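None of the figures in this text is laboratory data; all of them are computed from the coordinates on show. Because the structure is a prediction, the values reported are computed rather than measured. Cβ sites come from the backbone with ideal geometry, for glycine too, and all protein chains shown count toward neighbours.
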Amino acid sequence: MFSNYRLSDGYYDEMFAPGNQIRPHYWPIASQLSRMPFDHLVQRQATMVRQMIKQGITFTLYNSDDGQSLERTIPFDIIPRIIPEPEWQYLQSGLKQRITALNRFIHDIYHRQDIVRAGLIPREMIVNNTYFRPEMKDLDPPGGVYCHLSGIDLVRDRDGRYYVLEDNLRTPSGISYVYKNRWLMQQYFPELFFTCHVSNIDYGLQAFLSSLRSVAPRDDRDPTVVLLTPGCYNSAYFEHTFLAQEMGIDLVEGRDLVVCDNKVYMRYLGGRKQVDVIYRRIDDDFLDPLAFRPDSLLGVPGLINAYRAGNVTICNAPGTGVADDKAIYIHVPDMIRFYLGEQPIISNVPTYVLQREEDRRYVLDHLTEMVVKHTSLSGGYGMLIGPQAGREELDKFRQLIIDHPEQYIAQPTLTLSTVPSLAGDQIVPRHVDLRPYIMFGRDENVHILPGGLTRVALSEGSLVVNSSQGGGSKDTWVTSP
Amino acid sequence: MIGNRIAETFFWIGRYSERVANHARLLNVSYHTYREWAKSEAELQNLWQRILFALSANIDYRQHYQETSTANVVHYITFDRQNENSIVSCLAKARNNLRAVRERLPSRMWEAINEAYIWLRRQNDTGDIPYAFFRRTKNYIALFQGVAEDGMPRSDEWHMLQIGRYMERAENTTRILNLIYFNNDQDQNQNRLINSFQQLTAALRTLDGLEAFRRIHADRLRVEIVARFITANPIFPRSILFSLLSLHNHAEQVFSFDSPAGQEILDSNRRLTDEIFHLPAETFNLATMPPYLNRLMNDINQIGLKFAGIFY
């Protein structure tokens, strides 16, 4: 089955070492897959995709030609990405360290701003940040938690070293795919699990629900937790329904909630019920038309006042975006040293700050080798991939960098690792990244879902894994022998 | 008013069809979780042994099979015609009973069971994807029950069908509950958190009740709370209390006041539901539950036996 597999030069492959030796953690499934006729594998994958459509495991693409939104399944690849347990232990400790530092950073900049006083981060970088929320100043969220659920994107360089690509601290999506991918694999390919021990992920949502409940403002009653969604036209609506159903909490829209005397209530037939914790999947800007964007129809008028009065907990806290900005990203290693007195366990991708004369000159001279990103956009929007860009696009970004150096960062083009993937009638290397999901609770308690979401760029040579740009996903296993 | 023979036929159609779906759910969940729990082949066999024990099938099983392997147990509970409680045997019996009364029923009810049986008869194993096999089995039963709900007049036939269904359900839920305590008892030295989390969610999924549990009890997945939910929740349709209450409602419709045997069943069922409704929370603790559970199983069996006796 893998006899025609050709490694791409200069990339780290998760399954094959150079010379086409199968890495030991892939031995059990390699032997199982190679006993299987190729067309069976293709059929299984097709069955799984049909099942995804039946279950409505879809996301919505905006901006189709006829003005209607399109429902798509996220392409799914049947060959799992496997992380051996010791490697996972290393990643886990690095992620734990990073999220702890980031959470302390957010607390600090909304309080004493020690890191600014220490001269490590310029004040204007914080106060001019799009995601900085002055409303959060001196506010103490229950348990000191800002980032209840986050996703930190990791990539592997050619030598197999892991790097942090970006931090997603606002409303990272994709966790439902981790569960659905695992479910599909377990139901439709059960024998693959019988030869090795794959870490169970079921406990993750239990942990998340417990951590949401633990940050309720009052502990004298059973807390009411809800998930606030922008509604069924949102691209991640499937995920919202999935999380609400799995955790047994109510899925609400802004109009289902009402604020009265600085308390939030959910309307229901014949009455109302006080809400204690809101896991929101709405951006800060739209949360409360009285506090932020006045034209928002998605939010709840008065919500921020209720929050400031300490009568409801919003998760993730408003204003966490200040720490996942791509310009702040450069300073995360400093945060880890400053707040924890430790060296970063997982490094950042080397990043050029375009406001620095020297960095900017270097980047403009090497634009065809660079990835340029807008500091506050995500999801693959507003991004230049130098080696794959045409003349016109390069010129456009050159001008953008010269005009607004503060809005962009540049990184050398990454060599994302590859995993064997099914493409038509053959198995070929495709580039992947990894988004582990991290739950941060009271007393800096961290729970990390074993594995996370492996996103895969499905076309040959492509390095863009975002689902909004046509990327797919794989089940991700942490295995011990 | 219907004759004893007809009443009994409907009672057993209700029981057998419910049993088919219960076995399918139990096997589907166990098949996918047991390999993960078991650290060795011996441990895996041990887990299957407990299933056989919970189904009171361990003695019969040993007369036909040597090893308690996954393949053997799945075969025994699904396809073995020597096992009178296997899925195929139950489906065959449900079909035979239905055939005897099919002219009294909406024709789609017969078709649903007949189609299921014809399909199952041609299968020798659960195939590459056991999940798909069990889902199909459950879907046939869901179709059968849906068609009945939709089209059957609420006559005595209907009530007898429901009595059979809820009688079977009460017994089945009690077996699953027993399995939890049995497993917990054996797992004392293992990693408790994960083990009990996994086995409690598996038990709830076997009863299609994990989502319902979450909505009521959120993250409080502890054995005493799960056990109380499974036993005494009044709105979860697979709880023991719900099953016995439903049984009662239907029995009240068919037993006339001058039937002493019928009144006796109603009386003992009422005593049992009252007792369950008022069970103190401490009953469900690991130490106190097993003896109570034994008594409960016995009481439910007694009601089943009384039902079986009333037809003669």
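Remarks
- A cut-off under 11 angstrom between Cβ atoms defines the neighbours of residue A:347, and their net charge, with Lys, Arg +1 and Asp, Glu -1, is +1.
- Vicinal HN-Hα couplings computed from phi for the stretch A:83-98 (Karplus, 6.51 cos²θ - 1.76 cosθ + 1.60; Hz; Gly/Pro x): 10, x, 3, x, 5, 5, 4, 4, 4, 4, 5, x, 6, 4, 4, 5
- Once the mean of 1/r is taken over each pair of separate Cα atoms and inverted, the stretch B:1-152 shows a Kirkwood hydrodynamic radius of 16.3 Å.
- Straight Cα distances below 17 angstrom link residue A:326 to the lysines A:373, with same-chain residues fewer than 8 positions distant left out.
- Listed values for the stretch A:447-458 are Karplus-derived 3J(HN,Hα) couplings in whole Hz (6.51 cos²θ - 1.76 cosθ + 1.60, θ = phi - 60°), namely 10, 10, 5, x, x, x, 9, 8, 9, 10, 7, 7, and x replaces Gly and Pro.
- Remark on residue A:421: its backbone amide H falls under 5 Å from those of A:428, A:430, a criterion applied only to residues 5 or more positions apart or on other chains, H modelled at 1.01 Å from N.
- Nearest-0.05 FRET efficiency for residue A:158 and residue A:398, computed from C-beta distance (R0 35 Å): 0.80
- Looking at the protein assembly as shown alone, DSSP beta bridges between its own residues are antiparallel in about 75 percent of cases.
- Using C-alpha pairs under 8 Å with a sequence gap of at least 6, the mean separation divided by the residue count of the stretch B:1-152 gives a relative contact order of 30 percent.
- Among the listed pairs A:54/A:474; A:54/B:93; A:180/B:138, those beyond 27 Å (Cα-Cα): A:54/B:93
- Charge dipole (chain A, unit charges on Cβ, about Cα centre) - positive-most of A:317, A:421, A:203: A:203
- Cα lying deepest toward the dipole's positive end in the protein assembly as shown, options A:41, B:131, A:183, charges on Cβ: B:131
- Quotient of C-alpha Rg and 2.2 N^0.38 Å, computed over chain B: 0.99
- Overall form of the protein assembly as shown per C-alpha gyration tensor (a/c, 1.5; a/b vs b/c): prolate
- Among B:245, B:47, B:279, the largest mean-square fluctuation in a Gaussian network model of chain B, built with springs joining Cα atoms closer than 10 Å, belongs to B:279.
- log10 of Debye I(q)/I(0), alpha-carbon scatterers only, for the stretch B:153-312 at 0.08, 0.14 Å⁻¹: -0.25, -0.71
- Fewest-first ranking of A:312, A:49, A:198, using other Cβ atoms within 10 Å as the exposure measure: A:49, A:198, A:312
- Other-chain or far-sequence residues with amide H under 5 Å of residue A:347's (modelled H): A:164
- Cβ-based net charge around residue A:298, under 13 Å, with every Lys or Arg adding one and every Asp or Glu removing one: -3
- Centre-to-centre separation between the Cα atoms of the stretch A:289-330 and those of the stretch A:343-382: 28 Å.
- Order of A:6, B:228 under a 10 Å beta carbon neighbour criterion, fewest first: A:6, B:228
- For the pair the stretch B:151-172 / the stretch A:219-260, the C-alpha centres are spaced 38 Å from each other.
- Top of B:15, B:205, B:104 by mean-square fluctuation, Gaussian network on chain B, Cα under 10 Å: B:104
- Sum of side-chain charges, residue B:135 neighbourhood, beta-carbon under 14 Å (Lys, Arg +1; Asp, Glu -1): +4
- Using C-alpha pairs under 8 Å with a sequence gap of at least 6, the mean separation divided by the residue count of chain A gives a relative contact order of 24 percent.
- Helix-only CD estimate at 222 nm, as mean residue ellipticity for chain A, using -39500 (n - 2.57) per DSSP H run (n ≥ 4): -8500 deg cm²/dmol
- Translational diffusion of the stretch A:280-399 was estimated from the Stokes-Einstein equation, with Rh taken as the Kirkwood radius over Cα pairs; at 25 °C and 0.890 mPa s the coefficient is 140 µm²/s.
- Amide H contacts under 5 Å for residue A:473, placed H, 5+ residues apart: A:76, A:77, A:456
- Put simply, the C-alpha atoms of the stretch A:218-311 give a gyration tensor, and the ellipsoid matching it has half-axes of 19, 18, 11 Å, longest first.
- Residue order for A:34, B:256, B:243, A:462, fewest other beta carbons within 10 angstrom first, comes to B:256, A:34, A:462, B:243.
- Taking GluC sites (Glu not before Pro) in DSSP loop conformation with at most 13 other Cβ atoms inside 10 Å as exposed sites, chain A has its longest uninterrupted site-free stretch at A:1-341.
- Listed residues B:126, B:288, B:201, most fluctuating in chain B (Gaussian network, C-alpha, under 10 Å): B:288
- Using Cβ point charges alone (K and R +1, D and E -1), the dipole size of the stretch A:218-311 about the Cα centre works out to roughly 280 debye.
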